[in-house]
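Just below is one structure, and these are the notes that go with it.
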Amino acid sequence: AQLEAICDILYTYAAEHGGAVTCPNLDVALDKARELDEFCVAVDMLIGINVAAPEGIPFMGRRIDELARAAGMTLDGRGSYVLQDGAGNVLFSLANQQDEPFDPTDTLLTTQSVTLLFDVPNVADGLGVFDRMTTFGFELARALGGRMTDDHGHAVTQASLDNDRRQLAGFYARMQARGIPAGGERARRLFA
């Protein structure tokens, strides 16, 4: 109904101003829109990797701040650390799994787990960024004395990451074949 209304407005405007307009077949346009929506749903995903503290020994917020900043991350306005590219695009983030945002001035902040997040369709060179994020995850776990886990609490291993990387390569190939390269302008408009 909205598309029909827009077409009617265009036809009226063109007739009043001596122009001509052609609207596409609405059924075809809606079919294409549904297909695009289904595609976007299939590739719109976040990859999360957790670094969990040993039972009863929480991570200190100050130490997380030191490690995140040493890795080139900055604190955003929501209390998460982000790694950005030269153009200011977020590559991946580091968030507190507890409700409390990170605050480097809070010397008493502790947490049992942090999460590294990677927004699949919005990052150019996604495989390289995925590798960078997972390498940082292992370094963070080692430095904090924690362990990397998935969202189900299972240990993250190099083998599980290799499997995730293969799946990720498939998502990126599908996006490229569709003319929507990850991290590109079209992807940013679709997955904003």
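The values are calculated or read from the model by the stated rules, or taken from the named source; none is laboratory data. Not measured: the values here are computed from a predicted model. Glycine gets a Cβ as well: all are built from the backbone with ideal geometry, and neighbour counts include every protein chain shown. Accessible surface is based on the protein model in full, side chains and every heavy atom, while ligands, DNA and RNA are left aside. Shrake-Rupley method; radii C 1.70, N 1.55, O 1.52, S 1.80 Å.
Residues in the range 69-116 that are over 19 Å from the mean Cα position of the chain (by Cα), open to solvent by 20 Å² or more (accessible area, probe 1.4 Å) and without any contact (Cβ under 8 Å) to a residue 60 or more places away in the chain: Arg69, Ala70, Gln98, Asp99, Glu100, Asp103, Pro104, Thr105, Asp106, Thr107, Leu108, Thr110. For the range 130-187, residues that are open to solvent by 20 Å² or more (accessible area, probe 1.4 Å), over 20 Å from Pro58 (Cα atoms), touching a Lys or Arg at 6+ places or on another chain (Cβ under 9 Å) and not charged (D, E, K, R) total 1.
State yes or no: is Ile9 more than 24 Å from the chain's Cα centre (by Cα), open to solvent by 100 Å² or more (accessible area, probe 1.4 Å) and under 30 Å from Leu108 (Cβ atoms)? So Ile9 does not fit the description; no. Close contacts from the range 37-64, counting a first residue that is within 14 Å of Leu140 (Cα to Cα) and a second that is open to solvent by 60 Å² or more (accessible area, probe 1.4 Å) and assigned to a strand (DSSP E or B), with Cβ to Cβ under 7 Å and a gap of 6+ residues or different chains, come to Ala52/Arg147.
Selection of first residues in the range 10-35 that are closer than 25 Å to Leu190 by Cβ and of second residues that are open to solvent by less than 70 Å² (accessible area, probe 1.4 Å), restricted to Cβ pairs under 7 Å at least 6 apart or on distinct chains, gives the following pairs, ordered by first then second residue: Leu10/Val21; Leu10/Cys23; Cys23/Cys7.
One line per residue, one yes/no per condition, for (1) under 25 Å from Ala192 (Cβ atoms); (2) among the hydroxyl-bearing types (Ser, Thr, Tyr); (3) touching a helix residue (DSSP H, G or I) at 6+ places or on another chain (Cβ under 8 Å):
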site	(1), (2), (3)
Asp65	no, no, no
Val82	yes, no, no
Arg142	no, no, no
Thr157	no, yes, no
Asp164	yes, no, yes
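When Ala155 is tested against (1) under 12 Å from Ile47 (Cβ atoms); (2) touching a Ser or Thr at 6+ places or on another chain (Cβ under 8 Å), exactly one condition is not met: (1).
Could you go through the range 35-55 and let me know if any residue there is among the polar types (S, T, N, Q), part of a loop (DSSP other than H, G, I, E, B) and within 17 Å of the chain's Cα centre (by Cα). No, the range 35-55 contains no residue that is among the polar types (S, T, N, Q), part of a loop (DSSP other than H, G, I, E, B) and within 17 Å of the chain's Cα centre (by Cα).
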